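To keep things clear, I will list the structure first and then write my remarks on it.
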Amino acid sequence: MPFARLGRYEVKGWLGGGRFGDVYLALDPLTQREVAVKVVRFQGDATPYLEEVRNLARLDHPAIVRFYTVDLLEGRLLIITEVVKGESLREVLNRGRMSRERALEVAGQLLDALNHAHERGVVHRDIKPENVMITPEGKVKVLDFGLSRLAQGDLSMSMGGTPAYMAPENWKGIFTPASDQWSAAVVILEMLTGLNPFAGDTLEEVRNKTQQGVKEGRLTSLLPQDLVQPLLRALAPEPEERFPSCKTFLEELVKGEGEKVALVVRPLEKPEGLPPLTREQRQAVEDLSPRILVTGGPGTGKTTVLLARALHLLRKGEAPESIALLTFSFRSWKEMEARLEQTLGEKYRGIWLGNFHQIAFRVVSRFGHLLDLPREFSLALPAQQERIAQEAAVRAGGEKASREILKAFSQARIWGTPWEEVASKATGRWREMLESFEYHYLQLIRDRGVLGYEDVLYYALRLLEMEEVATFYRERLNHILVDDVQDLDRCQIALVEALSQGGNLFLVGDDDQAIYQWRGAHPSYIRGLKNRGFTHHRLNQTFRLPPEFREMAISLISKNRERMPKLYWTSREEGRARLIVQPLKTPKDEAEYVADMVEILRIKEGYSYSDFAILYRVKTRGRLIEQVLKKRKLPFTQEGGRTFLDREEVRVLLDLLAFLARGKSATIQKRLLKGASPLLGGRDRAVQELERTLGALEPQMKPSQALELGMETLNRLMSRAENSLLVTRMEAMETLLKKAKEFEESARSPTVANFLKYIRFLRDAGLAGGEEGIRLLSVHGAKGLEFPVVFVVGMVEGEFPLARALGVPQEMEEERRLCYTAVTRATEVLFITYYRYSSSQARFQETPSIFIKEMLGVG
Amino acid sequence: MWLRPLIHLAIPLFSCLIAKPMTWRDLIENLELKEPVLLGNLMVVPLEGSLNSREFGLLHLALEEGRARVRELGMVEKVLVENPSLDDLFVLEGEELLGARQDRVAVSSAVIPAREELELPVVCIEEGRWAGDEPLFRGGYVAHPRLRSLITLSIRGSGKVDQQKVWREVERKLTSLKISSATGSLHHSFTYQEGTLEELYGGWNPGERVTGAMAFTPKGLLCCDILANPSLFSGEWPGLLKGYALDALEERIRGRRGKMNWQRIAERWERVGKTKLVRRLSSRGKGEEWLLEGPGEIGRALITEDGLIYASIHPA
């Protein structure tokens, strides 16, 4: 069979081409080795070219493509080298800039290779990302040493180079090792920043920029400080002002690194902590489309796909700082953080990870001054924000109109509508009041140095509408990844879309699990994405649901009209799952039954307490279950659990309550202030101010009152340096406050001391026998979790679904989604329980929830 | 009466005309694949053999030498070819006709008998011009395979060429090659890239026995062009090569790498051989035009009383 041949080499493929000619993949029939054959055209006598090539043959360095031999064929030089598998640095940089660590690893090998060549009298002349290959093992290979001169076809002409990487003297035809150093510096700068400062649309423009050089201020704005001076020197206009060699350049560049930069680029570690991806998951993760939507039912691995996507991007060379991973809730955020840390170690820290408030907080912290927001602010408690809004509304319109103003304000915050727009739609006196409200509101938040949660989101959106701010984030963020997109409200959606302008958007969600419409979530957004050019990936394989539960869940949710059709199949085996629908007489009987079944299953079938979850729709049901579990001394944990109680800011607040309960004990005060000091940045004045707050506590205060006072002060004082955690700390403190209020609602004697006992019990209850306890959760709180055994209690009309939803289609659909979310938490055993009579004295029977019939496909 | 000459045609070509549909196997039996030639990222596989020895004048050469004229009729979709010479004149499908009121390409191959004139169906490749006083056209190159394939597909679908699609393809080509043409003419992609096309893809002339070629890039088959005999092929080769080179250059700019090995060639040739006649198209001039389709291929062939004059096969 005839092959395409180049001399004796049998051509297998085309690898690329440049000014010098083409490169082919070929087989050497003598050695049976695959080689790369570069075909270089030349004019006249071949002797000078062969001499040039012999110089190249003297190079022997792991980061320089190995040269094998040279041949002449019909007026063309054939240069035979090793085949380099991998991708060019250009292909890597097309996906975004690199992390500092990776960029310096590549730089180290590049500069070392150049130094080797320069010591042997060879100048590359055309260093650029296209001529640097990165192998699958992470090694650097520099291509085409000296070939740019050969490519001109006339060795008397000392030309070469690619304009945007050419040193000033190159434009005059002078090529020295110092000009290779310049070119390498441009490449390194591009790796670190994604920008070539000399790039231009015309040759003229490039030349002018090169002659002008790069200013220190520009580098300072782009780079970490320790890299500025080395790069500035390597980019000095005069060759003699640059480093004496690429070796000294490298030494200066990595001086700040703790250890010598490895000569071998380490590929990213194989990710731990993530299961192997299925084909459909991998397709979603590796899809290069700029707009991607991934949907899937319960247990299909949506969060795994999101994490895998982040890892995939990092492995492809994306800088962590160019990736934003947004989650809906505080808990999801902490889970993501834990998994990323487990997989990547310290490397994950560059990623923008957080819930929406966290991200919005960063935007406002940095650019808030553009809207005249306070430079330093603390987050206001919801009650505090309400008071400020109330005050502003009264100032604007008087007591009578304030309620209407507040309603409009709340709507605008939920929808993210600019206040000017709200006011512009009003007329006359009403418009004046709205405009005046904004004025007063801004004044109050400036005076008090606070912003509420909703303010942070709202102002972040306003800031992202500004070109300067939008450009800042567009240049930094290449990839926005969002979890639970069905739960986003309009403001959060607007934030995501604003941040993702010009970048890549990767959204994950399930509209069947949209359970926050009551809080302003906008689940129809996810349904509309397909018509907006999003590439849609469906995850059809569920790993959690047994076939029996899958059938039941689909039977239930298919009753909803407003949903994206889904078909999913389960990889679980049939025949092992159990569904028990159990009617009981009263709610108390129901609670006793649940406790009985926990013990029976634990003893007979070996489940541990932590394998059980009891999910309730209404708080009263949860409290009743809690009482029975306490009475039976069964260990349980509620939402928040043990972890949040261990946080520093929560411990400080608990000490504050203890201080109050023990008659302002000096010992406890000392302990409290010591614990608070790190939170306040160790500042004496801040600690003194906290001490004054302790003095203001009054013995008859309710737990929530004391906590609010303490939280207000802590918030204000927490160190600016801690601001990245400010939102986290706020949310943890809010959880404690919420517990206090719940306690006050249900306790007969809601004193501070009793509350502390309650908290102690919560903490201790989770530690019995070294096991975690039964999880007692609201349905909302169970989202995203899974348990072997799940009880869904209180399944009667009026409780689940709620009374307010009955007869209201949209509300019923949300209740159905809640129920779907609840029943899909179980992996082995699912109990659906309901009571016939609301109490032992009731005469009328309750109606079992319609959802039971829908699940079973009856009626 | 028209049937009689056909009976005398080469048996492989027409013996099965009544019995079964014509296949490429009959036609290509005596064609031989020769050692591929590498021209940058373009691989040309010469086909050697001869199907019939009939000689023709070539339109683009006749225009150059003043032996024929192509006249503007004032209608986009046709022009008048005047052949006052003593030779039958061959027009290649995709052949450029430049000047007059706007640049065109021939929609189909045709043979214009000696001393006759013919209204030739054409399609416009210069969206931005409908002006000019010059009534006559001059010759050019041959449109790139992707455009020729688009024309064939268009004819297969509706029997006529979709002008809009042709303009969009021309626009796409100009953009992909980063060429700014004031009138949006395909020909500018040849002229603006002339040096590059010559440097990268020049330097090979077909041998005496070469009557056709298969053109490959790393992406795959561009097209297969077969002419009646080596003389005809060598006359058309410069224009054909320019067309191939235009597609190859686009792929080079996009950096499309890939295999260019014998196995691919052989597999493709096998598939080209399975192409069959599916329909006879209305044609002008001598002979008739056939629409050919295969498992993944589409093409057209011009058959006269002398036999196969020209065939082009593209990936479908």
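Calculate how steeply helix A:547-557 sits against the longest principal axis of the alpha-carbon atoms of chain A, using the helix alpha-carbon long axis, and give the answer as 0 to 90 degrees to the nearest 10.
It works out to around 70 degrees.
Give the Cα extents of segment A:377-453 along the principal axes, in whole Å, largest first.
Rounded to whole Å, the extents work out to 35, 25, 18 Å.
Starting with the fewest neighbours, write out A:Glu799, A:Glu432 ranked by other beta-carbon atoms found within 10 Å of each beta-carbon.
Ascending number of Cβ neighbours within 10 Å: A:Glu432, A:Glu799.
Kindly give the semi-axes, whole Å and largest first, of the ellipsoid equivalent to the protein assembly as shown, taking each as the square root of 5 times a Cα gyration tensor eigenvalue.
The answer is 71, 40, 29 Å, longest axis first.
Quick check: net charge around A:Gln582, other residues with Cβ under 13 Å of its Cβ, Lys/Arg +1 and Asp/Glu -1?
-1
Relative to the longest principal axis of the C-alpha atoms of chain A, give the angle of the C-alpha long axis of helix A:203-212, reported between 0 and 90° and rounded to the nearest 10°.
80 degrees
Beta carbons within 10 angstrom, averaged per residue: use that to sort the peptides A:72-85, A:310-323, B:99-112, highest first.
Packing order, densest peptide first, comes out as B:99-112, A:310-323, A:72-85.
Relative to the Cα centre, what is the charge dipole magnitude of the protein assembly as shown, using +1 at the beta carbon of each Lys and Arg, -1 at the beta carbon of each Asp and Glu, and rounding to the nearest 20 debye?
Roughly 3960 debye, rounded to the nearest 20.
Nearest 10 degrees is fine. How inclined is helix A:302-315 to the longest principal axis of chain A, computing both from alpha carbons?
30 degrees
Net charge near B:Arg209: determine it from the other residues with C-beta under 15 Å of the C-beta of B:Arg209, scoring Lys and Arg +1 and Asp and Glu -1.
Net of charged neighbours comes to -3.
Mind checking which of A:Leu314, B:Val76, A:Gln358 is farthest towards the positive end of the protein assembly as shown's charge dipole, using Cβ charges of +1 (Lys, Arg) and -1 (Asp, Glu) about the Cα centre?
A:Gln358
Quick check for me: using +1 on Lys/Arg Cβ and -1 on Asp/Glu Cβ, what's the dipole size of segment B:23-315 about its Cα centre, in debye to the nearest 20?
Here the size comes out at about 1200 debye.
For segment B:167-316, what is the convex hull volume of the alpha-carbon atoms per residue, in Å³?
142 Å³
Could you order the peptides B:132-144, B:152-164, B:81-93, A:388-400 from most to least packed, using the average number of other C-beta atoms within 10 Å per residue?
Peptide ranking by packing, descending: B:81-93, B:132-144, A:388-400, B:152-164.
Looking at the square roots a ≥ b ≥ c of the eigenvalues of the Cα gyration tensor of segment A:450-497, which shape do they give, rounded for a/c under 1.5, prolate if a/b is larger than b/c, or oblate?
Because a/c hits 1.5 or more and a/b fails to exceed b/c, segment A:450-497 counts as oblate.
How do A:351-361, B:172-182, B:228-238 rank on mean C-beta neighbours within 10 Å, highest first?
A:351-361, B:228-238, B:172-182
A:Ser838 versus A:Asp287, label points 7 Å from Cα toward the beta carbon: distance in nm?
Here the modelled spin labels are 4.8 nm apart.
Counting only DSSP beta bridges with both residues in chain A, tell me the antiparallel percent, nearest 5.
Antiparallel bridges make up about 40 percent of those DSSP assigns within chain A.
If I take R0 = 30 Å and measure r between the Cβ atoms of A:Asn208 and B:Arg254 in this structure, what FRET efficiency does the formula 1/(1 + (r/R0)^6) give, to the nearest 0.05?
E(calc), rounded to 0.05, equals 0.50.
Cut-off under 16 Å on the C-alpha distance; same-chain residues fewer than 8 positions from B:Lys276 excluded. Which lysines are left, in chain and number order?
By straight Cα distance, B:Lys276 reaches B:Lys20.
What FRET efficiency would be calculated for the residue pair A:Glu421, A:Lys215, taking the C-beta separation as r and a Förster radius of 30 Å, to the nearest 0.05?
Efficiency for this residue pair is about 0.15.
Can you give me the three principal axis dimensions of segment B:23-315 from its C-alpha atoms, in Å, biggest first?
The Cα atoms of segment B:23-315 stretch 52, 45, 36 Å along their principal axes.
Under the definition of partner shielding as Cβ atoms of other protein chains within 10 Å of a residue Cβ, what is the mean value for peptide B:244-257?
2
In a Debye calculation with equal point scatterers on the alpha-carbon sites of segment B:60-178 and no solvent, what is log10 I(q)/I(0) at q = 0.14, 0.18, 0.21 Å⁻¹?
-0.56, -0.91, -1.19
With a ≥ b ≥ c taken as the square roots of the eigenvalues of the C-alpha gyration tensor of segment A:55-139, please select rounded if a/c is under 1.5 and otherwise prolate if a/b is larger than b/c or oblate if it is not?
Prolate shape, in that a/c is at least 1.5 and a/b is the bigger ratio.
Within 10 Å of each residue's Cβ, count the other Cβ atoms and sort A:Ile614, A:Ile405 from fewest upward.
So the ranking, lowest neighbour count to highest, is A:Ile405, A:Ile614.
In a shell of Cβ-Cβ distance under 15 Å around A:Gln283, excluding A:Gln283 itself, what net charge do Lys and Arg (+1) and Asp and Glu (-1) give?
Net charge in that neighbourhood comes out at +2.
Taking the Cβ-Cβ separation of A:Ser558 and B:Glu77 as r and a Förster radius of 60 Å, what is the calculated FRET efficiency to the nearest 0.05?
0.60
Ranking A:Met564, A:Met730 by Cβ neighbours within 10 Å, fewest first, what do you get?
Going from least to most buried by this count: A:Met564, A:Met730.
Would segment A:585-641 count as rounded, prolate or oblate if I go by the C-alpha gyration tensor, calling it rounded below 1.5 in a/c and otherwise prolate when a/b exceeds b/c, oblate otherwise?
Oblate.
Read-outs throughout are calculated quantities, based only on the coordinates presented, and are distinct from any laboratory measurement. Being a predicted model, the structure only gives us computed values, none of them experimental. Neighbour counts are summed over all protein chains in view; Cβ atoms, including those assigned to glycine, are modelled from backbone coordinates with ideal geometry.
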